[in-house]
Amino acid sequence: MNLVLLGPPGAGKGTQAERISALYGVPHISTGDIFRDNLKRGTVLGRRAKEYMDRGELVPDEVVIGIVRDRLAKPDCEKGFILDGFPRTAAQADALKAMLADLGKAIDHVLNVQVPEEAVVERLTARRTCRSCGKVYHLVFDPPAKEDTCDACGGELYCRDDDKEETVRARLREYEDKTSPLIAYYEGEGLLRNINGAAEMDEVLRAIRDIIEA
Ligand code: ADP
Ligand code: ADP
Ligand code: ZN
């Protein structure tokens, strides 16, 4: 089960990837999570990515592609993988195709999670992320039991710097310019499956399961 989750920031890719990963036992690979983890650990990669992330811009292709190539070669990807937030450019999509071919693999489905722009802004500005385990909440749609505290690990919840409205707008422009052309790219490959991401979380998951199990 080799899946790619495509969609604007805030579409619900990470939320759904976590659920699919738990249900089917395949790893959730989020390039954004990898960068934030590196940032937390103070690595060179983390510092390099931060300058782009803070501006709401994409990290250069050559940086991201190498990370994903290493990650997909790990043994836990044998049964499959869920890519969340990669590819985000045509060059990344070409590189993904080539690296999967080298591994004797191919993408099964590209799930295009569609949500209107205003809904996405509302989701991101009220998104809260756990500093310790990375779990994601929403102040209104998926609130934690105790304000500012992660239900899963007791960690502190914070608002990502790039979830402030100004940076959100910049990220949406990056998405339109560089990532949205991948919709046509994957349609051409016969891999695109459109998902109504504006529905409730459980309903979105059901639509994804229907596609996986069809
Ligand atoms: P992405 O990974 O695509 O950026 P997330 O999964 O982090 O998106 O979701 C963005 C925010 O919206 C989070 O706060 C999440 O709790 C919330 N969210 C996710 N899916 C839904 C949904 N179907 N309805 C309402 N809120 C949602
Ligand atoms: P979201 O879940 O809201 O879509 P991510 O956590 O996926 O956000 O990404 C956060 C930031 O990390 C992006 O704005 C970008 O700077 C960087 N990033 C993540 N994935 C990629 C990628 N595939 N290519 C380039 N930059 C990326
Ligand atoms: Zn936590």
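The values are calculated or read from the model by the stated rules, or taken from the named source; none is laboratory data. Keep in mind it's a predicted model, so treat the numbers as computed, not measured. Note that we place each Cβ from the backbone using ideal geometry, even for glycine, and neighbour counts take in every protein chain shown. Areas reflect the complete protein model, heavy atoms only, side chains present, ligands, DNA and RNA absent. Shrake-Rupley method; radii C 1.70, N 1.55, O 1.52, S 1.80 Å.
Determine which lysines satisfy two conditions relative to residue 50: a Cα distance under 26 Å, and not lying fewer than 8 residues away in the same chain.
13, 40, 74, 135, 164, 178
Per residue of the range 34-46, in order, report the coupling 6.51 cos²θ - 1.76 cosθ + 1.60 (Karplus, θ = phi - 60°) as ³J(HN,Hα) in whole Hz, putting x for Gly and Pro.
5, 5, 5, 5, 5, 5, 4, 7, x, 7, 4, 4, x
Please report, to two decimal places, log10 I(q)/I(0) for the range 71-128 at q = 0.14, 0.26, 0.27 Å⁻¹ as given by the Debye formula with identical point scatterers on the Cα atoms and no solvent.
-0.55, -1.13, -1.19
Take the Cα coordinates of the range 129-170, assign each an equal point scatterer, and use the Debye formula without solvent to give log10 I(q)/I(0) at q = 0.21 Å⁻¹.
Here the Debye-derived log intensity ratios amount to -0.64.
Kindly give the semi-axes, whole Å and largest first, of the ellipsoid equivalent to the range 129-214, taking each as the square root of 5 times a Cα gyration tensor eigenvalue.
Values: eigenvalues 173, 83, 23 Å².
With the √(5λ) rule applied to the range 129-214, the semi-axes are 29, 20, 11 Å.
Whole number in Å², please: accessible area per residue of the chain, 1.4 Å probe, ligands, DNA and RNA not counted.
Per-residue accessible area for the chain comes out at 50 Å².
Please list, by residue number, everything in the range 184-208 whose backbone N is under 17 Å from a paramagnetic label point 7 Å out along Cα→Cβ of residue 118.
Residues passing the 17 Å test: 198-199.
About the Cα centre of the range 126-184, how large is the charge dipole given +1 on each Lys and Arg Cβ and -1 on each Asp and Glu Cβ? Please answer in debye to the nearest 20. Each step should come with its number before you reach the end.
Details: 11 positive and 13 negative charges, 22 e Å.
Dipole about the Cα centre, nearest 20: 100 debye.
Kindly report, to the nearest 10 Å², the accessible surface of residue 70 as traced by a 1.4 Å probe over protein heavy atoms only.
Here the accessible area works out near 100 Å².
Between residue 140 and residue 160, what is the spin-label point distance in nm, taking each point 7 Å from the Cα along the Cα→C-beta axis?
Going by the 7 Å Cα→Cβ label model, 2.0 nm.
Tell me, what is the 1.4 Å probe accessible area of residue 185, in Å² to the nearest 10?
60
Helix-only estimate, please: 222 nm mean residue ellipticity of the chain, summing -39500 (n - 2.57) across DSSP H runs of length 4 or more and dividing by its residues, to the nearest 500.
About -14000 deg cm²/dmol.
Express in Å², to the nearest 10, the accessible area of residue 63 obtained by rolling a 1.4 Å probe over the protein heavy atoms while all chains stay in place.
20
Counting only protein heavy atoms and a 1.4 Å probe, tell me what percentage of the chain's accessible area is made up of carbon and sulfur.
Summing carbon and sulfur atoms, their accessible area is 49 percent of the total for the chain.
Using θ = phi - 60° and the Karplus curve 6.51 cos²θ - 1.76 cosθ + 1.60, what whole-Hz ³J(HN,Hα) does each residue of the range 153-169 get, with Gly and Pro shown as x?
9, x, x, 7, 8, 9, 9, 3, 3, 7, 9, 6, 3, 4, 6, 4, 4
Report the equivalent ellipsoid semi-axes for the range 1-68 in whole Å, largest first, defined as the square roots of five times the eigenvalues of the gyration tensor built from alpha carbon atoms.
23, 13, 11
Give the long-range amide H neighbours of residue 138: residues separated by 5 or more places, or on another chain, with amide H under 5 Å away, using H modelled in the peptide plane at 1.01 Å from N.
128
What is the diffusion coefficient of the chain in µm²/s, taking the Kirkwood radius over Cα pairs and the Stokes-Einstein relation at 25 °C with a viscosity of 0.890 mPa s?
On the way: Rh = 17.6 Å.
In µm²/s, the coefficient is 139.
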